[in-house]
Each structure stands twice: as structure tokens, then as C-alpha cells.
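Here the structure is laid out as C-alpha cells; the discussion comes afterwards.
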Amino acid sequence: MDLLLLNVMILIYLLATLYLGYRAWRETKDSEGYLVAGRKTHPYIMAMSYGATFISTSAIVGFGGTAGLFGMGLLWLTFLNIFVGIFLAFVVYGKRTRKIGHNLHAMTFPEFMGRRFDSKFIQWFSGLVIFLGMPLYASVVLIGAARFMETTLEINFDVALLIYSVIIAAYVIWGGLRGVMYTDAMQGTIMFVGMIFLLIMTYTHLGGITPAHQALTDMVNLVPKSLAAQGHAGWTAMPVFGSAWWWTLISTIVMGVGIGVLAMPQLVVRFMTVKSNRELNRGVLIGGIFILAMTGVAFMVGALSNVFFYQTQGNISVNIANGNADSIIPIYINAATPEWFVYLFMLTLLAAAMSTSSSQFHSQGSAIGRDIYETLSGKKGGGSIMLTRAGILVAVIIAVTLGYILPENIIARGTAIFFGLCAAAFLPMYTSALYWRGATKAGAIAGLITGTLVTVFWYLFIHKAEAVPLGVAKMLLGRDVLITQMPWPVVDPIIVALPLAVVVTVIVSLMTKPPSDDHLDECFRGVR
Amino acid sequence: MLHATTLHGHPTKKTPGWCAKAAREQQQAGVSVLGIDDPVIWGVYLLCIFSALLCVIYGIVNWNREGELEAVEIQEEAVWEVEEEEMQKKELGQ
């Protein structure tokens, strides 16, 4: 480790951040200025800032490492990230969310839903789902950052997690750097350049695109027997159809995360703060390229790291990482790239994780203060401020504690659980809120409860990966899972919970009285 | 070496014969594109690039669309920004 180089890079990075922060602050001193600056914001800045928030350590370190284990099948997630997470999210969901959100003066996702369906229950229940579900996701983002520090700085993981947690707590309590899009855009730009550099370096090192892929294809015989037994068919092949490995890849990783992104509360909120539909149109262009360069490259490099490690160290990635997929990307970047790049990448990754973590903790805090306390008590102001702050503190403590107790190989799975829960609980209600005037309060509530409960039930009693460690099924039924016959123990909840929630939302809506025309006209005012 | 516990979180079991056989069958037949034999994988490799291109084309075609109501929207957003700022002050004390 070159301490001098590391310190110089930290200094340059901080100076650049401070300069951009100062520049943004000068341009946005008052609300008028804020508005004009927002209007003038170049779509590049807007889309890069969105991308830096969307992509965190979880996507690059967690899912990149998962690609080192599963192979290129993960590219299906990249496809969904681009097509669903950018194209559909911006064009089909973003524009209406922005307009209806403005009409309803909504600040949070639960508030948007609560006002659209005129239901306090929806608001506080959604807030509760976010507050209880998000700590897992927040925690795996922390773990991703700590894993990178562990490898790069050559320190113990527990120490890395502690250092990072202290930094993040100070950052969140200090108030974060909300609204400073320039710094986000800088992070996004460095990430973009860094990932392109990483891809070129990887392909060059391995002799070009086709030879690199061919070398990986030829490694099929090196798949460990234990993985082949579960359906792993090589790193450039899909897992065997219907095998445990296939179900995990398709149902948990690809579907859960690929579709769940549409209903992520902290991303939905961003559409409400976008200045106009035109910015969303322009954002699609930059976002599409950005995500391809982020997750596309991370998954390609993750898979190809097997060739690199086999050629240089005679072993496959997951073995080099001692069985922990979460460490594959940090080890690969440390081994395959120049030292200055490793430090730059680490700083960018940590900064990106900080903006994601900060928004996660704020979402949880406002879920407790605004969506749960205010809605249930009917009081505003004093008490809810205290509760919001207390909620943020509790969220930080829970996330850090989880960071210490969660097992290895958790980043991708932890992310997928939260994304899947959001998809099943919120997506039917959110979609019908935007597009179906006939959707009723009762229908939305029924769908929300169905999606949430089926997901929770599935994790506790059916999906083996969670049911076994949680132990509830064992305690109540005396066995690990309710259904042992394949493929059910490996089928992700989203496959069952989301369709059920859709059906329930539609049927109950058709059976109950639609909202008044006045309310609907107010919601859809100006929607084209 | 690889730990007994995998991403699934549960211990691995003995190889079911059908898995190995199906894996072999899956590897056979078909053309190799960019060094990848499985059409589902090279297909999605290209699909990722095409979907990013779709985003680029959409962005270019609609670069200046939906900005015609700017005056109305600025007015609307001005009110909204002020309200949001007040709410944030009230809620978060920030």
C-alpha cells in the first residue's frame, strides 16, 4: 500500500468535491436561483447524478462478484437494468409520477400512494414496510464498501466496517450533500471512465474480446462439482434449465432486482424532483449508456476475472476469494489494475455508497417521522422532527449491526430481498395509481397487504435460503421448509407474490366503488 | 477452496445425474458468437448493447420534446419548490 499516493488522491478528491459543492451552492443560494439553476442543469449532470444514486457498491461489488460465481447469465440483469430500470422507469413511470406527484404535493413515496388513494393506512403501512425492509439493503451497501476497504487498505473487515460506519454516521448527521448534483455527477463521471478503463484493461490483458470469452468458455471443466451439482454449466452458459442455480439466477437475481427497481421508494421520489419531462427524455439517453457501462462492465469483468485468476494464479475467482463472492471484485481490481486506479476506484465507490446510504437512511427516517407517526397521530412539526432524526439514528445502528452479523455472500441476496419485497408490495398499487382510474382504495390496500404478506410468508416458510437461517418454520412446523419438493425451495417470492398481488388488486378494485371523479381529475390534472 | 455453503445459503448436495447430462446437452450444438457458445448468453450480450442503443435513439429523437409548456410548469414548480422547502424545514429542521 502506497500511503503517500493514497493521501494525495484523497486530498485531490476532497478538493474537487469541495470546489464543485461551492460552485453549486453559489448558483443555488435562494429558491429562485435554485429553480433557475435546476432549469439550466445540463441533462448530463442530471442523468449522471441519477446514475450515481442508482448504482452503489451493491451493484458493482456485490453483483459483479455474483457474476464471478454465476457467469455471464447475470447479463440478463443488465438488460433489465437498462430496459426496465431506465427506459420503462423514465418513460412509462417517471413522467406520470412527476406530474401526479406535483398535483398531490407528495414528498415521499408512501405519501404519494396515500394521497392518490386517499388512504392513511396505505401511507403508514408503506412507511412501515420501508422502515423494516430497508435496513437489510442499507446494510449490504455498507458491507460492499467495507469489503473494498478491507482488500485495498489491507485491514480487517470488522475494522473497515467500523471506520466506514463512523464516516457515514457523521455524513448523515451533518446533513449529507443533498441537492448538490455536481458532486454526484463527478462521482458518476469517474465511475463511468473507471469502468470503461477496467473493461478495456480486462479485454486487453486477456487477448481481446473473442479470445477472452473463448478462454472463459473453455474453463467449463473447472466448475466445482458442488456448483455443477446445482446446475452451474460454465461461466458463458446459462445454468441448467429448472435447476436450483437457474431458479436463483432468474427468479431472485434477475427478476427480483430487474423488476423491483420500478418500485424503489428512493428512486421514485427522484422523478418528483425532476424539472420537466424533457429532462427525462434526455436522461434516457445518458442513463442507458451509463448503466451499460456500470452493471454491464461489472458483470462482464466479474465473469472474466475467472480467466485472469486462472491464468495468473491457477484458480477460479470464488476460490481466490475464499468462497466469498463479495470479495471477488475488490481482489480482482487490486490484482489487475495500477495502484493509482485502485485508490481512485475505491474513493469513487465509497462516495457513491455514501450518497446511496444517505438517501436510504433519510428514507427510513422520514418513513417513521412523516409516514407513520404523523399519519397515525395526526400531529405535525416538533414530535415528528425528533422521530425522523431518531429514526435515522436507529436505521444507522440497525444497518451497522446487521453488517457485523450477516453472513458472507450476502450483498446480492440482501439487495434482491428488498427489491423483491418492494416489487410485490408496491408495484401493482403504484402502476394502477399511474394508469388505472378504476383502481380503488380497497383494491390498492388488498394488493399491498397480499404482496407484503405472501413475500414474508414465503421467506419464512418456503424459500430455503432464508427459511433455514431464520428458523421460524423449524420452530413452528418442525421442519426447515413447508414444501421440500423442487423447485419450490429455490423459487423466489416475487414469482408468486407479485402476480397474486396484481390479481387481488384488480379483482378487489372491480368489486368496489371507484374514487370520485373530482379526486381523479385532481390527481390526473395535466397528465397527457 | 470453495466453501460447502453457496449463494443459496444451504449445503450442497450430491450431483443429480440429470444436471450434468443437461449441462452437456446445453453446451452442444449451435454457433459460437464472440467466443460464447450458448445463444442465450451471446443473445443477451447483444441485447444489452441494443437496449442501450434504444435509449440513445429515444433520447436523440425526443431531445427537445415535451418542453412546450415550460412557462406553466415553471410557475407550478415555483409554488411546489417553495412548499417543499417549507415542509422540509418543518419536518427535518433543515
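The values are calculated or read from the model by the stated rules, or taken from the named source; none is laboratory data. No experiment lies behind these values; they were computed from the predicted model shown. As a convention, Cβ positions derive from the backbone with ideal geometry for all residues, glycine included, and neighbour counts pool all protein chains shown.
Filter the stretch A:97-108 down to the residues that are assigned to a helix (DSSP H, G or I) and either at pLDDT below 90 or more than 21 Å from residue A:258 (Cβ to Cβ) (or both) and list them by number. Steps first, please.
Just the residues of the stretch A:97-108 that are assigned to a helix (DSSP H, G or I), to begin with: A:97-104.
Hits for the stretch A:97-108 are A:98, A:99, A:100, A:101, A:102, A:103, A:104.
Could you list, in sequence order, all residues of the stretch A:82-123 that are of a type in the set (A, V, I, L, M, F, W, C) and away from chain B (no Cβ under 14 Å)? Step through it out loud before you land on a result.
The first filter runs over the stretch A:82-123 and keeps only residues of a type in the set (A, V, I, L, M, F, W, C), leaving A:82-84, A:86-92, A:100, A:104, A:106-107, A:109, A:112-113, A:117, A:121-122.
Within the stretch A:82-123, A:109, A:113, A:117, A:121, A:122 meet the criteria.
With the requirement that a residue be at the interface with chain B (Cβ under 9 Å from one of its Cβ atoms) and either within 26 Å of the chain's Cα centre (by Cα) or not charged (D, E, K, R) (or both), what does the stretch A:219-234 give you? I'd like the intermediate steps shown before the answer.
Looking only at the stretch A:219-234, we keep the residues that are at the interface with chain B (Cβ under 9 Å from one of its Cβ atoms), and these are A:220, A:223-234.
A:220, A:223, A:224, A:226, A:227, A:228, A:229, A:230, A:231, A:232, A:233, A:234, listed by residue number.
For residue A:403, work out the one condition from (1) part of a loop (DSSP other than H, G, I, E, B); (2) of a type outside the set (D, E, K, R); (3) surrounded by 23 or more Cβ atoms within 10 Å (Cβ to Cβ) it doesn't fulfil.
Of (1) part of a loop (DSSP other than H, G, I, E, B); (2) of a type outside the set (D, E, K, R); (3) surrounded by 23 or more Cβ atoms within 10 Å (Cβ to Cβ), only one is false for residue A:403: (1).
Across the stretch A:420-439, which residue is farthest from residue A:267 (Cα to Cα) among those that are crowded, with 22+ Cβ neighbours inside 10 Å and of a type in the set (Ser, Thr, Tyr)?
A:432
Give me a count of the residues in the stretch A:516-528 that are at pLDDT 90 or above and outside any helix (DSSP H, G or I).
2
Scan (1) part of a loop (DSSP other than H, G, I, E, B); (2) of a type outside the set (Gly, Ala, Ser); (3) farther than 29 Å from residue A:65 by Cα for the single condition residue A:507 breaks and write down its number.
Failed condition: (1).
What is the number of the single condition among (1) over 16 Å from residue B:41 (Cα atoms); (2) buried (at least 19 other Cβ atoms within 10 Å of the Cβ); (3) free of Cβ contacts under 8 Å to residues at least 12 places away in the same chain that residue A:204 does not meet?
Going through the list (1) over 16 Å from residue B:41 (Cα atoms); (2) buried (at least 19 other Cβ atoms within 10 Å of the Cβ); (3) free of Cβ contacts under 8 Å to residues at least 12 places away in the same chain, residue A:204 breaks only (2).
Out of A:308, A:341, I need the residue that is surrounded by fewer than 20 Cβ atoms within 10 Å (Cβ to Cβ), more than 13 Å from chain B (Cβ to nearest Cβ) and in a helix (DSSP H, G or I). Which one? Walk me through it before giving the result.
Details: A:308 fails: surrounded by fewer than 20 Cβ atoms within 10 Å (Cβ to Cβ).
Step by step, each of A:308, A:341 is checked, and only A:341 is surrounded by fewer than 20 Cβ atoms within 10 Å (Cβ to Cβ), more than 13 Å from chain B (Cβ to nearest Cβ) and in a helix (DSSP H, G or I).
Only one of (1) at pLDDT below 80; (2) surrounded by 23 or more Cβ atoms within 10 Å (Cβ to Cβ) is not met by residue A:355, so which one is it?
(2)
Touching a residue at least 40 places away in the same chain (Cβ under 8 Å), closer than 29 Å to residue A:121 by Cα, hydroxyl-bearing (Ser, Thr, Tyr) and crowded, with 24+ Cβ neighbours inside 10 Å, is that true of residue A:327? Before you say what the answer is, go through the steps one by one.
On the way: touching a residue at least 40 places away in the same chain (Cβ under 8 Å): yes; closer than 29 Å to residue A:121 by Cα: no; hydroxyl-bearing (Ser, Thr, Tyr): yes; crowded, with 24+ Cβ neighbours inside 10 Å: yes.
For residue A:327, the condition - touching a residue at least 40 places away in the same chain (Cβ under 8 Å), closer than 29 Å to residue A:121 by Cα, hydroxyl-bearing (Ser, Thr, Tyr) and crowded, with 24+ Cβ neighbours inside 10 Å - is not met.
Could you pull out the residue among A:443, A:471, A:447, A:438 that is free of Cβ contacts under 8 Å to residues at least 12 places away in the same chain and either farther than 27 Å from residue A:328 by Cβ or over 27 Å from the mean Cα position of the chain (by Cα) (or both)?
Values: A:443 fails: free of Cβ contacts under 8 Å to residues at least 12 places away in the same chain; A:447 fails: free of Cβ contacts under 8 Å to residues at least 12 places away in the same chain; A:438 fails: free of Cβ contacts under 8 Å to residues at least 12 places away in the same chain.
Going through A:443, A:471, A:447, A:438 in turn, the sole match is A:471.
Considering each residue of the stretch A:267-281, count those that are closer than 21 Å to residue A:192 by Cβ and surrounded by fewer than 24 Cβ atoms within 10 Å (Cβ to Cβ), and give that number.
Within the stretch A:267-281, the subset closer than 21 Å to residue A:192 by Cβ is A:267, A:270, A:274, A:279-281.
Narrowing further to those that are surrounded by fewer than 24 Cβ atoms within 10 Å (Cβ to Cβ): A:267, A:270, A:274, A:279.
Result for the stretch A:267-281: 4.
Give the residue, chosen from A:506, A:468, that is among the aliphatic types (A, V, I, L, M), closer than 22 Å to residue A:421 by Cβ, surrounded by 13 or more Cβ atoms within 10 Å (Cβ to Cβ) and at pLDDT below 90.
Details: A:506 fails: at pLDDT below 90.
From the options A:506, A:468, the qualifying one is A:468.
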